[in-house]
Structures are given as C-alpha cells and as structure tokens.
1. Ranked highest first by average number of other Cβ atoms within 10 Å, how do 20-32, 58-70 line up?
2. Within 14 Å, Cβ to Cβ, of Ala25, how many net charges do the neighbouring residues add up to if Lys/Arg are +1 and Asp/Glu are -1?
Amino acid sequence: MASEDNSLEAAAQGLQDAQEALHAARRSLTKATLNAYAGGEPVYRIAERTGRTTTEVWNTLAVHAITRSTHLSGSHPTP
C-alpha cells in the first residue's frame with residue numbers, strides 16, 4: 001500500500017484509552033463507596049447518590065469482605 005490509512009490503529013488506541021478510563025472510574029467509585037460506608041452512610045443512600053441498586057453497592061462492599069451479616073454483627077457488638 002502506497003499510503004496506509006491509520007484509522008484502524010487510531011480506533012484501537014481509542015478503545016484502549018476508554019477501557020483504561022473506565023477502570024480508573026470504577027476504582028474511584030469503589031473507593032468513594034467504601035469511604036461513604038465507613039463514614040456511616042447507609043447502603044440505600046449510597047445507592048441513591050450513585051444511581052446504583054443496593055445490591056450493586058452490597059456487591060462492591062462484599063468484594064472487600066463487608067457483607068450484610070458482618071455489618072449486622074459489627075453494629076451490635078457482643079459484650
């Protein structure tokens with residue numbers, strides 16, 4: 001080919017850049033979710049503020065070993 005069109009490479013690079021931005025945004029949302037929960041914000045409110053469901057928020061917390069049962073047992077310590 002005398003003159004090569006670089007649109008394929010540009011599109012692939014654009015996709016890679018978008019995927020990296022998406023991963024960074026997910027990490028940021030996870031960190032903000034964990035901080036909000038640690039600060040005492042209820043799961044339903046985190047879900048409202050982020051446009052996610054409470055199940056999605058609980059799933060994010062569960063990845064970090066925070067579950068409904070640890071939440072309940074942690075909120076009612078045994079003497």
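1. Details: 20-32: 10.8, 58-70: 13.4.
For the peptides 20-32, 58-70, the packing ranking is 58-70, 20-32.
2. Working: positive: Arg26, Arg27, Lys31, Arg52; negative: Asp17, Glu20.
Summing Lys and Arg as +1 and Asp and Glu as -1 gives +2.
Rule-based calculations on the coordinates, nothing more; no lab input. None of the values given here were measured: they were computed from a predicted structure. All Cβ positions, glycine included, derive from the backbone under ideal geometry; neighbour counts span all protein chains shown.
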